[in-house]
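See below for the structure under consideration.
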Amino acid sequence: MTADTAAIVGPEDLEPLEPEEFQRVATAIEAAVGRTVVGQHEAVRGALICLIAGGHALLEGVPGLGKTTLARALAAALDLEPKRIQFTPDLMPADITGTTVLVQSADAQETQLRFERGPIFANVVIADEINRAAPRTQSALLEAMQERTVTTANLTRELPAPFFVLATQNPVEMYGTYPLPEAELDRFFLKLLFEFPPVAELNEMVGMTTTTRHAAAAAAAAPVADATTLLRMNALVRSVPAADHVIDYASRLIVSLHPETAGATDRVKRFVRIGPSPRGAQALTLAGRVEALIEGRHNLSIDDIQGIALPALRHRLVLTIDAERQSVSPDEIVKEAIRALPREAS
């Protein structure tokens, strides 16, 4: 399915995939990506969850760990053409969304304005080193990520479906970078961490990428699903039942991370300036449903909520200066909030 044909098809137009087929396809995609990306199992699973749920992923890790490779591997496993945008300080919004150009006919008798689409018009958009672009350029992604549309010259254009942004950023190099604003961070479904690999995985990575068998494996890779299958998987996710007490748990977890609420822990009150938005609860319940289906379960549980809480919430906490001074991480705060929160409402 090309980007143009996918644009007119949405999950609501397709029959949901059967749960058993969902699990088989998801496992096949994960295995296909695993043949290219060494280790990083949590990041691979998280990116797959984002893609199935219709969200976007922010990958954070030092250079050279395979963040871009992961995005390309996901696109290849689903027969989707990726578009890569290298974010730099001089990148302009029109370089992402596209621009209107003046086109002259072959005989030079007439001219017309034509919109040239930018790389945002793709199924999989790799936003490499997103924090290197100025805020005005980063803002070009906000409408696309939330509304799946691009507005230029008073015209709104639909983006293809599925539409998936996988952005990468380097957490250690600060020179020439711009912090992502909270409004942009909140639009990322999950924030996934790429950890430095242990010796065994590093040996495998070096062996794969410095020998001819790496090129042979890449050439032999074949898609295991397509865009239509992915949309059918998304349709099934939204039909997974969730009991009222499970939804209530997700909402109470979000509220407990707001420092002004009575149920907030002392560390939340001290180190959190602004808690997660309602998008955090949406991410918990949608991502939890995907995780449940991948594991062969047909309903959302509190364990699913807890299991996805770190990648769903770590980028949605705005911490105080005291937290930075004392090296308190968002993950520590979320873990403590989970331990303190009763599974049943009182």
> Ignoring ligands, DNA and RNA, what percent of the 1.4 Å accessible area of region 1-153 is carbon and sulfur?
Replying inline: 50
> Once Lys and Arg get +1 and Asp and Glu get -1 on their Cβ, which of S346, P276, A312 lies farthest toward the positive end of the dipole of region 270-346?
Replying inline: P276
> Which value in deg cm²/dmol, rounded to the nearest 500, describes the helix-derived mean residue ellipticity at 222 nm for the chain, given -39,500 (n - 2.57) per DSSP H run of n ≥ 4 and division by the residue count?
Replying inline: -13000 deg cm²/dmol
> Which value, in Å² and to the nearest 10, is the accessible area of E182 when all protein chains are kept and the probe is 1.4 Å?
Replying inline: 100
> Which angle between 0 and 90 degrees, to the nearest 10, do you get for helix 67-77 versus the longest principal axis of the chain when only C-alpha atoms count?
Replying inline: 70
> Counting only protein heavy atoms and using a 1.4 Å probe, what share of the accessible area of region 218-346 belongs to carbon plus sulfur, as a whole percent?
Replying inline: 52
>> Between R343 and E295, how high is the FRET efficiency from 1/(1 + (r/R0)^6) when r is the Cβ-Cβ distance and R₀ = 30 Å? Nearest 0.05.
In response: 0.95
> Distance in nm between label sites at D322 and T27, each 7 Å beyond Cα in the beta-carbon direction?
Replying inline: 4.9
>> At 1.4 Å probe radius, can you tell me the per residue accessible area of the chain in Å²?
In response: 48
>> Around D322, under 14 Å between beta carbons, what's the net of Lys plus Arg minus Asp minus Glu among the other residues?
In response: +2
>> Between L102 and E195, what is 0.36 nm times their sequence separation minus the Cα-Cα distance? Round to one decimal in nm.
In response: 28.8 nm
> Heavy-atom accessible area of D266 with all protein chains present, probe 1.4 Å, nearest 10 Å²?
Replying inline: 130
> Roughly how tilted is helix 19-34, in degrees to the nearest 10 and between 0 and 90, from the longest Cα axis of the chain?
Replying inline: 70
> Length gain on complete extension for the stretch S239 to A134, per 0.36 nm per residue less the alpha carbon to alpha carbon distance?
Replying inline: 33.9 nm
> Quick one: helix 41-53 against the long Cα principal axis of the chain, what's the angle to the nearest 10°, folded into 0 to 90?
Replying inline: 70
>> If I model a spin label at I274 and R35 as a point 7 Å from the Cα along the Cα→Cβ vector, what separation in nanometres do I get?
In response: 4.5
> Once the piece of chain linking Q146 and E116 is laid out straight, how much longer is it, given 0.36 nm per residue of separation minus the C-alpha distance between them?
Replying inline: 8.6 nm
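The values are calculated or read from the model by the stated rules, or taken from the named source; none is laboratory data. It should be emphasised that the depicted structure is a prediction, and the values quoted were computed from it without experimental measurement. In this analysis, Cβ positions are derived from the backbone assuming ideal geometry, glycine residues included, and neighbour counts consider all displayed protein chains. Heads up: the accessible areas ignore ligands, DNA and RNA and are worked out on the full protein's heavy atoms, side chains in. Shrake-Rupley method; radii C 1.70, N 1.55, O 1.52, S 1.80 Å.
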